[in-house]
1. Mind checking which helices (runs of 4 or more DSSP H) fall wholly inside segment 1-53 and carry at least 3 residues that are under 24 Å from the mean Cα position of the chain (by Cα) and farther than 28 Å from residue 199 by Cβ?
2. Given the criterion surrounded by 17 or more Cβ atoms within 10 Å (Cβ to Cβ) and modelled with pLDDT of 95 or more, identify the matching residue among 78, 58, 27.
3. Of all residues in segment 198-251, how many are open to solvent by less than 80 Å² (accessible area, probe 1.4 Å), under 26 Å from residue 87 (Cα atoms) and charged (D, E, K, R)?
4. Check whether at least one residue in segment 174-182 is hydroxyl-bearing (Ser, Thr, Tyr) and surrounded by fewer than 19 Cβ atoms within 10 Å (Cβ to Cβ), and report yes or no.
5. For segment 81-105, name all the residues that are hydrophobic (A, V, I, L, M, F, W, C), buried (at least 19 other Cβ atoms within 10 Å of the Cβ) and in a helix (DSSP H, G or I).
6. Being under 20 Å from residue 200 (Cβ atoms) and of a type in the set (Ser, Thr, Tyr) is true for just one of 39, 72. Which residue is that?
Amino acid sequence: MNIACYVIEATERLRSVGIENPGLDAEVIIANCLNLERYQLVTWRDRVLSSEEISLIEKKIKRRLKKEPVAYIIGKKEFYGLDFLVTKDVLIPRPETELLVDMAIYWSPLNARVVDLCTGSGAIAIALKYTRSDLDVFASDISQKALKIAKKNCENLLGKNKISFLAGNLFEPLQSEKFDVIVSNPPYVDYSLKGTLQKELDFEPEIALYAEDKGQAVIKQIIENSRKYLNKNGILLLEIGSDQRDFTETYGKKKGFDVSILNDYSGLPRVATLRL
Ligand SMILES: C[S@@+](CC[C@H](N)C(=O)[O-])C[C@H]1O[C@@H](n2cnc3c(N)ncnc32)[C@H](O)[C@@H]1O
């Protein structure tokens, strides 16, 4: 079978199980297996696939048929124009989180100290340091496995020791450090929704997605404790769920912050800016 026929056939199989973008997913998986760019599938459309290539592609298409996210199948995800290594130990960075990076770039003074709490793959911290090399960037996570991936991503994209990585529960590893900006995309999905959302989410780490208290528990802890870790005029930037605007505004104000909420490109509340 040649490449063009295989793309058509795989697309139809993915479509038949309800995959949202079957053509795109088929192309990305096939191109990845053949070490080609996606556009090259057209250039090489008549090339006949070997039986080894077919068996490699089949394995990966079967994983997608079971709804495993493409990023885990190919082992990478683009975020802020950079290729991040991803495994099942980390959340797949989402395009809407790029807005949080934009805001951190905007709000960080020259040579500021910034910490990315709940760093996961390191996407936010690394994109930030990549764009603003003047910043002194720290990143922390409770998951040692996630930190291992974040460190690898840092080494691949920025070089060794460009970011200080710390392990532990939220602020606990920061000890008495102070920052100009705290940025975080914490887990904020309501635990009670687990198992009712897209099947793809079941492949991501539970600890990265879900939080107690209608998804508000970790956000509350961050807002409550930030003041102690912020310098004068410091800023806390949080990604929030699209239904968490009112709660974040009310809770942030109660804890003494000026709060403003920015919508993402789909028009949904996404980034909370909390100023002391
Ligand atoms: C939504 S993911 C964000 C990952 C990454 N920052 C991103 O935006 O793609 C949340 C991350 O928070 C971490 N996490 C969950 N609870 C935590 C806690 N109590 N303290 C520190 N990190 C935590 C998880 O391990 C996960 O990596």
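The values are calculated or read from the model by the stated rules, or taken from the named source; none is laboratory data. Model, not experiment: these values are computed from the prediction. Please note: Cβ atoms are built from the backbone with ideal geometry, for glycine as well, and neighbour counts cover all protein chains shown. Just so you know, the surface numbers come from the protein's heavy atoms only, side chains and all, with ligands and any DNA or RNA stripped out. Shrake-Rupley method; radii C 1.70, N 1.55, O 1.52, S 1.80 Å.
1. On the way: elements: 3-16, 22-33, 40-43.
Of the helices (runs of 4 or more DSSP H) lying wholly inside segment 1-53, none has at least 3 residues that are under 24 Å from the mean Cα position of the chain (by Cα) and farther than 28 Å from residue 199 by Cβ.
2. Numbers: 78 fails: surrounded by 17 or more Cβ atoms within 10 Å (Cβ to Cβ); 58 fails: surrounded by 17 or more Cβ atoms within 10 Å (Cβ to Cβ).
Testing whether each residue is surrounded by 17 or more Cβ atoms within 10 Å (Cβ to Cβ) and modelled with pLDDT of 95 or more leaves just 27.
3. Residues in segment 198-251 being open to solvent by less than 80 Å² (accessible area, probe 1.4 Å), under 26 Å from residue 87 (Cα atoms) and charged (D, E, K, R): 3 in total.
4. Pass one, segment 174-182, residues hydroxyl-bearing (Ser, Thr, Tyr): 176.
So of that shortlist, the ones also surrounded by fewer than 19 Cβ atoms within 10 Å (Cβ to Cβ) come out as 176.
Yes: segment 174-182 contains one or more residues that are hydroxyl-bearing (Ser, Thr, Tyr) and surrounded by fewer than 19 Cβ atoms within 10 Å (Cβ to Cβ).
5. So in segment 81-105, the residues hydrophobic (A, V, I, L, M, F, W, C) come out as 82, 84-86, 90-92, 99-101, 103-105.
Narrowing further to those that are buried (at least 19 other Cβ atoms within 10 Å of the Cβ): 84, 86, 90-92, 100-101, 103-104.
If the condition is that a residue be hydrophobic (A, V, I, L, M, F, W, C), buried (at least 19 other Cβ atoms within 10 Å of the Cβ) and in a helix (DSSP H, G or I), then 100, 101, 103, 104 are the ones that fit.
6. Working: 39 fails: under 20 Å from residue 200 (Cβ atoms).
Exactly one residue qualifies, and that residue is 72.
Every residue, every condition in (1) without any contact (Cβ under 8 Å) to a residue 40 or more places away in the chain; (2) in contact with a Leu (Cβ under 9 Å, 6 or more places away or on another chain); (3) within 13 Å of the ligand (Cβ to nearest atom), yes or no:
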position	(1), (2), (3)
85	no, no, yes
92	no, no, yes
96	no, yes, yes
100	no, yes, yes
116	no, yes, yes
129	yes, yes, no
144	yes, no, yes
149	no, yes, yes
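A quick yes/no check of all residues on (1) at pLDDT 95 or above; (2) open to solvent by 60 Å² or more (accessible area, probe 1.4 Å); (3) among the hydroxyl-bearing types (Ser, Thr, Tyr):
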| residue | (1), (2), (3) |
| --- | --- |
| 5 | yes, yes, no |
| 40 | yes, no, no |
| 50 | yes, no, yes |
| 107 | yes, yes, no |
